[in-house]
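Peer 1: Once you've had a glance at the structure underneath, I'll fire off some questions.
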Amino acid sequence: MAESLDFVKICESCPPGDGWGPSVTTEITLDGVPYAPFSKGDKLGRMADWTAEGKDRERGGRLQYSRQYRDQQVYGTGHAVVFNAPPAEDESTFSVVSNVRDSTKSKFGRGAVFTRGRGQRGGRGDTRGGRGGQFQRAAGGRQGGYGYDRGGRGGAGARGGRRFGWKDYDKPARNRDASINIKADWELLEEIDFNRLAKLNLDADDGEDLDDYGFLYYYDRSYDKQPVKGSERKLTAIDRAAYNVTTSSDPVIQEYAEKDEATIFATDSILSMLMCSTRSVYPWDIVIVRQGNKIFLDKRDNANLDMVTVNENAADAPLEAADGGKDVVNQPSALAEEATYINHNFANQVVSEGESTKVEMAHANPFYNSSEDTDPPASKAYKYRRFDLSTNEEEPVYLIVRTEIDAVQKNAISGEDQLVTIKALNEFDSRAQGSGGALDWRTKLVAQRGAVVTTEMKNNSCKLARWTVQSILSKSDVMKLGFVSRANPRSNDKHVILGVIGWKPRDFANQMNLSLSNGWGIVRTIADMCLKREEGKFVLVKDPNKSILRLYQVPAGSFEDDDNEEEPEEVEEEAEE
């Protein structure tokens, strides 16, 4: 009873209005200890929770959700760092030696952690600098397996499927050589990355026809029928004279230049490479010559522009011997020669040759000389077309391009002649390195034609984009794509034709998300860079290992000197023999 009376006396001695606890003060410290402000509306979960900060760190800044702590928050967690003791000055020199084995270390290196998920969706996989390796549900099967990603946004794994990033640790670095040797006396004028090129835009007209040369044969529609398994047609070598003359050597373009018909002159092969440059991976170069107020887009002899690439845009492109490519026939240079050979012979084989199936253009072939060429000319028509690239009426800028057409066919409905461009995709080995996950054409081309075409769009984005641009520039009605495969995957000298599919060029461009206005913007930008300079010769070079274009100004006659230097060596070799 005495103790309760003492307690009452203490309470009566307290000043009125004061509650239990420390007195209210406006100072920011209490006896030298920082004071964390609080609100009366804060809900207290626990009086002291020393594990809250550790949980926060483990979850990457987010508290683990628990039904027990629903609608509650930990008091003072936002100011817990204030009460941490300052680190000692010599703490940085202190280290702890532990003989405990690191659980995150594996044969793939420290930090390569595998995660396993059983029947879960959206499980978090291990990433190294990327935005997430996630498990994906496999089609028609149970999800599981190990997902592993070493960077990037899409690493995913599923039972029975490919594990993206698998063996990336020992993948050799690919250092491709430039298509041309950069000399010390070349002056670097501009350096443009692909991101800047992709933002360019210029709307041009559909173009107008100036004149046409050559002749065309009718396309053989029997190749459109799907061949029966085991009775595929063999690809045969047909000797026909085909020409790929550069811009400044074209006699017709020279006449247009003398008449001041345009400012920019090019061929469809060179122009398509420039317009689709943002899709390119392999190195290439274009020679630009300015004469007066005219720009000529040229190519060097035996340039890379004449070769047809294979799986250039594949995630795991074919390897050269220096990079670890084991099969000689599946190296990029060998595949390019094979694809070029296939395209030349395929276009000659799928037409019906004969005087009754021959369509003459207004003029004869400007490059064929019957006294010098022993082989007959191929079915080819050259159309010279002009496009308006002007941005204002005060300074008109026109471009003349030489386009090519391979055949002609009758429209099934109207019976009118339709212009046709013919190209061929080739399959070397769907199980070899560099195939890019392509399906087996012999078994999937009929049943899964869409999947086959989609895979080719991904692996050969640059090549297909160039072919589509060339078809649109020539104003062709149909673009025929042939599917040619090796008779034996290990041999590159015998091929069979598995099928032919036709598209309208504009529709195919929409499927590939190909923008012609972006291509015209690139052409006009490069031309303006050269027109701002004095007359001379320039070289536009694609960096072999980066997504960058570089514009150099070179001395006049640079490449002519190289040609002259090679000739005496050949003469000396013949003399020694």
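The values are calculated or read from the model by the stated rules, or taken from the named source; none is laboratory data. Every value quoted in this text rests on a predicted model; they were computed, and no experiment measured them. All Cβ positions, glycine included, derive from the backbone under ideal geometry; neighbour counts span all protein chains shown.
Peer 1: Every residue in the stretch 245-271 that is without any contact (Cβ under 8 Å) to a residue 40 or more places away in the chain and assigned to a helix (DSSP H, G or I), please.
Peer 2: Q254, E255, A257, E258, I270
Peer 1: Of the residues G155, G140, which is out of contact with any strand residue (DSSP E or B) (no Cβ under 9 Å at 6 or more places or on another chain) and modelled with pLDDT under 90?
Peer 2: Exactly one residue qualifies, and that residue is G140.
Peer 1: Also: Among the candidates E427, E404, which residue alone is in contact with a helix residue (DSSP H, G or I) (Cβ under 7 Å, 6 or more places away or on another chain), farther than 26 Å from S231 by Cα and not hydrophobic (A, V, I, L, M, F, W, C)?
Peer 2: E404
Peer 1: Across the stretch 401-417, which residue is farthest from G207 (Cα to Cα) among those that are under 30 Å from the mean Cα position of the chain (by Cα) and crowded, with 23+ Cβ neighbours inside 10 Å?
Peer 2: D406
Peer 1: At least 1 residues that are under 30 Å from S517 (Cβ atoms) in each: list the helices (runs of 4 or more DSSP H) lying fully within the stretch 428-489 that qualify.
Peer 2: Result: 449-459, 461-473.
Peer 1: Among (1) within 26 Å of N426 (Cα to Cα); (2) surrounded by 15 or more Cβ atoms within 10 Å (Cβ to Cβ), which single condition is S333 missing?
Peer 2: For S333, the exception is condition (2).
Peer 1: Can you spot a residue in the stretch 175-189 that is at pLDDT 95 or above, in contact with an Asp or Glu (Cβ under 8 Å, 6 or more places away or on another chain) and over 27 Å from K410 (Cα atoms)?
Peer 2: For the stretch 175-189, residues at pLDDT 95 or above, in contact with an Asp or Glu (Cβ under 8 Å, 6 or more places away or on another chain) and over 27 Å from K410 (Cα atoms): absent.
Peer 1: Among the residues in the stretch 206-221, are any closer than 25 Å to R506 by Cβ, of a type in the set (G, A, S), surrounded by 14 or more Cβ atoms within 10 Å (Cβ to Cβ) and under 33 Å from the mean Cα position of the chain (by Cα)?
Peer 2: yes
Peer 1: Taking the stretch 499-522, which residues are hydroxyl-bearing (S, T, Y) and assigned to a helix (DSSP H, G or I)?
Peer 2: S517 - this is the single residue of the stretch 499-522 that is hydroxyl-bearing (S, T, Y) and assigned to a helix (DSSP H, G or I).
Peer 1: Quickly run through the stretch 530-556 and pick out the residues that are part of a loop (DSSP other than H, G, I, E, B) and touching a Ser or Thr at 6+ places or on another chain (Cβ under 9 Å).
Peer 2: P544, S547
Peer 1: Report yes if some residue within the stretch 227-244 is under 29 Å from I526 (Cα atoms), touching a residue at least 24 places away in the same chain (Cβ under 8 Å) and either part of a strand (DSSP E or B) or not charged (D, E, K, R) (or both); otherwise report no.
Peer 2: Checked against the condition, which is being under 29 Å from I526 (Cα atoms), touching a residue at least 24 places away in the same chain (Cβ under 8 Å) and either part of a strand (DSSP E or B) or not charged (D, E, K, R) (or both), the stretch 227-244 yields at least one hit.
Peer 1: In addition: Name the residues in the stretch 382-395 that are assigned to a loop (DSSP other than H, G, I, E, B), surrounded by fewer than 20 Cβ atoms within 10 Å (Cβ to Cβ) and touching a residue at least 24 places away in the same chain (Cβ under 8 Å), would you?
Peer 2: T391
Peer 1: Considering the stretch 437-462 alone, what residues qualify as being aliphatic (A, V, I, L, M), buried (at least 20 other Cβ atoms within 10 Å of the Cβ) and under 13 Å from L481 (Cβ atoms)?
Peer 2: Correct list: L445, V452.
Yes/no matrix, rows are residues, columns are (1) surrounded by 20 or more Cβ atoms within 10 Å (Cβ to Cβ); (2) part of a helix (DSSP H, G or I); (3) at pLDDT 90 or above:
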residue: R290; (1), (2), (3): no, no, yes
residue: L297; (1), (2), (3): yes, no, yes
residue: V310; (1), (2), (3): yes, no, yes
residue: D316; (1), (2), (3): no, no, no
